[in-house]
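J.: Quick one: the structure is below, and I'll ask about it shortly.
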């Protein structure tokens, strides 16, 4: 029985299949469903859990290289919210939302949260 770290068996299985340069999506509650993509839905209620909470939990066993976010994230959120993301990620590449979504089908999987942060979705790359 796991006693520390990520306890969710589906997330552990998904993360264990991520290899060098593979990518993983951590998405908010409104992110579209992608039928061809393994999706683990851990949303409970609004903002439980958040994208940042999931990211923080993953960081102990996931070496993040690049991260991608929609450029609209910076326009629709406070400076404090933007800083909270940038403090957890080594490098964020901001791109138009439409370009961000074009990256999604090439990812290993998606973890859906209850986050309500506008454009708070991220794609992280394994370094």
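J.: Give me 78, 84 sorted ascending by neighbouring Cβ count inside 10 Å, so fewest comes first.
T.: Result, fewest neighbours first: 78, 84.
J.: Arranged by the count of other C-beta atoms within 10 angstrom, fewest first, what order do 101, 91 take? The partial results should precede the final answer.
T.: Values: 101 17, 91 11.
Exposure proxy ranking, most exposed first: 91, 101.
J.: Over all alpha-carbon pairs in the chain, figure out the percentage whose distance exceeds 25 Å.
T.: 16
J.: For the stretch 64-121, what is the relative contact order in percent, using Cα pairs closer than 8 Å and at least 6 residues apart in sequence? Write down the numbers at each step before the final one.
T.: On the way: 54 pairs, mean separation 30.1, N = 58.
Computed value for the stretch 64-121: 52 percent relative contact order.
J.: Determine, for 73, 94, the number of other Cβ atoms within 10 Å of each Cβ, and report the residues in order from fewest to most. Walk me through the intermediate numbers first.
T.: Working: 73 21, 94 16.
If I rank by nearby Cβ atoms, fewest first, I get 94, 73.
J.: Shifting gears a bit: I want the antiparallel fraction of DSSP beta bridges within the chain, as a percent rounded to 5.
T.: In the chain, DSSP labels about 45 percent of beta bridges as antiparallel.
Every read-out reported here was derived from the displayed coordinates using simple, explicitly stated rules and does not represent laboratory data. Just so it is clear, the structure is predicted and the values come from calculations on it, not from any experiment. Don't worry about glycine lacking a Cβ; one is built from the backbone with ideal geometry, like all the others, and counts go over all protein chains shown.
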